[in-house]
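What follows is a set of notes on a single structure, which appears directly below.
The values are calculated or read from the model by the stated rules, or taken from the named source; none is laboratory data. Everything quoted here is computed from the prediction, not taken from an experiment. All Cβ positions, even for glycine, are placed from backbone atoms using ideal geometry, and neighbour counts span all protein chains on display. Please note that ligands, DNA and RNA were not included when accessible areas were found on the heavy atoms of the full protein model with its side chains. Shrake-Rupley method; radii C 1.70, N 1.55, O 1.52, S 1.80 Å.
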Amino acid sequence: AEFNSCVFDSNRIEETGLIKSHGTNFTDSLVIANSVIINNQFTIGSDSGVRLIESDQGSYFVSNIFYNNPFSDTLTTTGYFSQLIALPESRSSKFDYSFVDFEIGNRTNFQTSQNVTGHPFFCTDDTTYSKVGKNSPLLYNGKDGVHIGGVHWSCDAVILTDYLSPSSGDTLYI
């Protein structure tokens with residue numbers, strides 16, 4: 001299965017995962033590229049076995065944005081990656097050139113390189129998660145210099161205070 005330039009936004013995961021990929025032979029693989037996985041809420045128990053992404057085959061994640069996908073209180077933050085994504089240790093998988101807001105950790109038969117963390121700096125008037133400020137780490141940091149998640153530079157530099165609004169009760173400590 002291949003997902004390219006997809007947006008998975010604001011899904012509520014309770015009983016089933018977002019993506020389940022099951023191969024029929026040893027050469028099948030799951031590929032997710034240039035996609036945005038954002039604001040998906042887990043409301044499941046830690047023993048349910050449900051994951052955001054589950055594959056029984058080798059997988060390749062490249063130039064994706066994984067951001068703000070919180071768990072309910074029933075799941076722990078330790079081992080976040082293995083609770084978010086279930087991959088077989090017997091198959092080779094890669095997670096490269098992506099933006100993540102979680103610790104990937106070390107897994108058997110799993111390679112990572114050139115991943116970026118921090119804040120994506122989406123333009124404040126953008127609800128599509130495709131436009132970022134000129135200071136975004138998503139720009140030019142994808143594989144072969146592409147923009148991670150297929151975003152575009154569309155506004156001036158974004159600063160974190162741009163996201164705070166006194167009318168919503170946000171507090172900024174300086």
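Data for the structure
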| item | result |
| --- | --- |
| Some residue of the stretch 52-59 being at pLDDT 90 or above and surrounded by 15 or more Cβ atoms within 10 Å (Cβ to Cβ) | yes |
| Restricting the stretch 1-32 to residues that are surrounded by 15 or more Cβ atoms within 10 Å (Cβ to Cβ) and touching a Gly at 6+ places or on another chain (Cβ under 9 Å), the residue that is nearest to residue 129 (Cα to Cα) | 7 |
| Test set (1) in contact with an Asp or Glu (Cβ under 6 Å, 6 or more places away or on another chain); (2) modelled with pLDDT under 85 - residue 89 fails condition number | (1) |
| Candidate set from the stretch 105-162 (those that are assigned to a loop (DSSP other than H, G, I, E, B) and among the charged types (D, E, K, R)); member that is modelled with the highest pLDDT | 134 |
| Selection count, the stretch 89-104, where residues are assigned to a loop (DSSP other than H, G, I, E, B), open to solvent by less than 20 Å² (accessible area, probe 1.4 Å) and farther than 20 Å from residue 39 by Cβ | 0 |
